1. Hey, any idea what the orientation-averaged projected area of the convex hull of region 129-208's Cα atoms comes to, in nm²?
2. How many Å² of accessible area per residue for region 77-176, probe 1.4 Å?
3. Which of the trypsin sites (Lys or Arg not before Pro) found in region 44-145 are loop residues per DSSP with 14 or fewer other Cβ atoms within 10 Å of their Cβ?
4. Tell me, what is the percent relative contact order of the chain, built from C-alpha pairs under 8 Å that lie six or more residues apart?
5. With charges set only on the Cβ (+1 for Lys and Arg, -1 for Asp and Glu), what does the dipole of the chain come to about its Cα centre, in debye to the nearest 20?
6. Do the sum for the chain: with -39,500 (n - 2.57) for every DSSP H run of n ≥ 4, divided by all residues, what is the mean residue ellipticity at 222 nm, to the nearest 500 deg cm²/dmol?
7. Just the number, please: carbon plus sulfur as a percent of the accessible area of region 149-201, 1.4 Å probe, no ligands or DNA/RNA counted.
8. If the cut-off is 29 Å between C-alpha atoms, which lysines fall inside it for residue 191, apart from same-chain ones fewer than 8 positions away?
Amino acid sequence: MRLEHLLMKHFDISRKQMKKLISSGEVLIDSTPATHVSNNVDPQIQVITVQGSRMEDNSQKYYLLNKPKGVITATTDSQLPTVIDLFKNENIEGLYPIGRLDRDTEGLLIITNNGPLGYRLLNPIQHIEKEYYVEVNGPLDNSCIQRFYDGIMFHDGTICKPAKLSILESSPSFSKATVTISEGKFHQIKKMFLCVGVKVTFLKRIRFGEFLLDESLSPGEYRPLNFSELQILKHYF
């Protein structure tokens, strides 16, 4: 949340008083003076002190979800189940998915109510890698690896950034692989494999940046981020 919202939530002060606290160096974020009321902060992840007293607040939520097939990456929909519908026993106010997965794609999604965080994680300047496990209906070989590395060109002329393809198993009718990309064009993975002559039959995201899919979670299950995962988020505040 924005620093000003945190301070207003815990102190009965005006915006002018708030700015004075910050300009005088009395608001510290991880021992560093805050610079602006718009700083994105979270006392669960950072040590935030005001005039020497540490602030506590756990209103921001962070979950790791193993998205199942058939569920859309949205907050609401009049016809189809959404990833937020899976959070039946939680306060879902403000929750939203960071990024998206296709309806028939499984795997890792981060769900939060921290709006600024999602914006930063998805900003192309971050170059966050996404890794997927893929099954296709035909063979894969070294020429496919090279084409992915060179940057696949779609039929409409769109050129993808270089991607890493690792073949796990290959046969004339079935292959397994992992592919790592640093962008998120519409149906990108499926289109990339079509360009090398095979069709994706199963797709699961297994990594998003430093976050790994928790294989103990069945499709549709979720859990709060653990301590080490919360520390990863510090880089995006």
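1. The number I arrive at for region 129-208 is 4.5 nm².
2. 57 Å²
3. 88, 103
4. Averaging sequence separation for qualifying contacts and normalising by length gives 20 percent for the chain.
5. Result for the chain is approximately 500 debye, rounded to the nearest 20.
6. -5500 deg cm²/dmol
7. 58 percent
8. 67, 69, 130, 161, 164, 176, 199, 204
The values are calculated or read from the model by the stated rules, or taken from the named source; none is laboratory data. Computed from a predicted structure; not experimentally measured. Glycine gets a Cβ as well: all are built from the backbone with ideal geometry, and neighbour counts include every protein chain shown. The accessibility values were calculated without ligands, DNA or RNA, using every heavy atom of the protein model including side chains. Shrake-Rupley method; radii C 1.70, N 1.55, O 1.52, S 1.80 Å.
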